[in-house]
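In what follows, a single structure is set out as structure tokens and then discussed.
The values are calculated or read from the model by the stated rules, or taken from the named source; none is laboratory data. None of the values given here were measured: they were computed from a predicted structure. Counting neighbours? That spans all protein chains shown, and the Cβs are built from the backbone with ideal geometry, glycine included. Keep in mind that these areas ignore ligands, DNA and RNA; they rest on the heavy atoms of the full protein, side chains included. Shrake-Rupley method; radii C 1.70, N 1.55, O 1.52, S 1.80 Å.
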Amino acid sequence: MTDHIYWKEGSLYVLDQRALPFKKVYIQCRTLADVIKAIKNMTIRGAPLIGIVAAYGVVLGAGEALQSKGRCTEADMGRICARLKATRPTAVNLAWALDRMKDVYKRCIHDADRLDMLTDEAIAIHVEDIQNNRMLSLYGAELIADGDTILTHCNAGALATGGYGTALGVLRAAHEAGKRIKVIATETRPYLQGARLTVWELWQDGIDVELVPDNHAGLLCRKGIVNKVIVGADRIALNGDTANKIGTYMIALCAHQSQIPFFVAAPVSSFDRHIENGSYIEIEERDGKEVKYVQGKILTVKDVKARYYSFDVTPARYISNFITEKGIIERPFRKYIRMLCS
Ligand code: MRU
């Protein structure tokens, strides 16, 4: 699955993840506003993919400025990046990609080269993400044994990244290496990234996958039905505290209680060198309507209040290892994460 996002003749095309696995619909983003909408309304999602799409959004925004007044000034660039940064607050890959785009803007001396240089950088961010995922997946596959049954949450697959995936990349690499693995995917209410996207990706690869409701982690760990857990990340603090899809923390607690290894697979772009611990991570709170409706169908009393935090933070003490493209991170996390980010 590498065709879920592509750049063609000045437009960004993204596969609408809200329609999967039932329909393959591409949305054409011609403008910065189209990209902002696609990130906010979850047409695309997943931390690394949000960063990549935002980088292409900068290209579209700069192109619009150039077209309307012949220049894209530093102030224009600041406004473009600020609008993109405000789309979703938790995934640090967004700010990371925007910083790279701003650096390229500053390095460019001639106005005429600006758009080409920004386009090249967006493509580089995209291509590097796929390479990093493949590399971290090779490292991670070493932690997976023949016969393992591994629980995963949400979707940290090709669809959530430039391609191949992080947590699902590790499972893919283990499968490609001939290890017989079984994956248990949580549904991941309310967007059902697990049911709709993770299951779809693994199914297409011929990986043995089984779907469970989100409330199964305790029983699965306690009964020894799963013997490993692997998830992705939206933001990792210097001490290793990790934001990921809401529910990850509960799964980590269950795994810890049953002494089951809990792995976080993420590229270096998911580490936030500016924050000491997870208390500084902003948790996105989405509209409660998204809990009350699934795929457009109401599930409850129409006017009931509903709350939806999109992410939670798993304290570092419940994480066994981080899997990155630079290798496996062991304890003490703070020391190695600092080295990784420097
Ligand atoms: O709300 P989403 O679907 O963007 O949340 C995605 C996740 O929480 C993923 O696990 C995370 O971004 C890692 S993706 C490699």
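Some values worked out for this structure:
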read-out: Other-chain or far-sequence residues with amide H under 5 Å of residue 148's (modelled H); value: 182
read-out: Hydrodynamic radius by Kirkwood, which averages 1/r over all alpha carbon pairs of region 283-342, in angstrom; value: 14.9 Å
read-out: Among 192, 136, 219: highest mean-square fluctuation, GNM of the chain, C-alpha pairs under 10 Å; value: 219
read-out: Percent carbon-and-sulfur accessible area, region 68-154, ignoring ligands, DNA and RNA, probe 1.4 Å; value: 54 percent
read-out: From phi via Karplus (6.51, -1.76, 1.60), per-residue ³J(HN,Hα) for region 88-97 in Hz, x at Gly/Pro; value: 9, x, 8, 5, 6, 4, 5, 5, 4, 5
read-out: Environment charge at residue 185 (Cβ cut-off 14 Å; Lys +1, Arg +1, Asp -1, Glu -1); value: 0
read-out: Hz values of 3J(HN,Hα) by residue in region 325-337 - Karplus curve (6.51, -1.76, 1.60), Gly and Pro given as x; value: 5, 9, x, 8, 9, 9, 6, x, 4, 4, 4, 6, 5
read-out: Efficiency of FRET between residue 112 and residue 331 - r from beta-carbon atoms, R0 45 angstrom, step 0.05; value: 0.30
read-out: Residue-wise HN-Hα coupling along region 287-293, computed from phi with Karplus coefficients 6.51, -1.76, 1.60 (Hz; x: Gly, Pro); value: 4, x, 4, 5, 7, 7, 10
read-out: Span from the region 269-342 Cα centroid across to the region 100-173 one, whole angstrom; value: 18 Å
read-out: Counted charge near residue 196, where neighbours are those whose Cβ lies closer than 13 Å (Asp, Glu -1; Lys, Arg +1); value: +2
read-out: Debye log10 I(q)/I(0) at q = 0.11 Å⁻¹ for region 5-134, Cα point scatterers; value: -0.35
read-out: Solvent-accessible area per residue, Å², over region 53-177 with all protein chains present [probe radius 1.4 Å]; value: 39 Å²
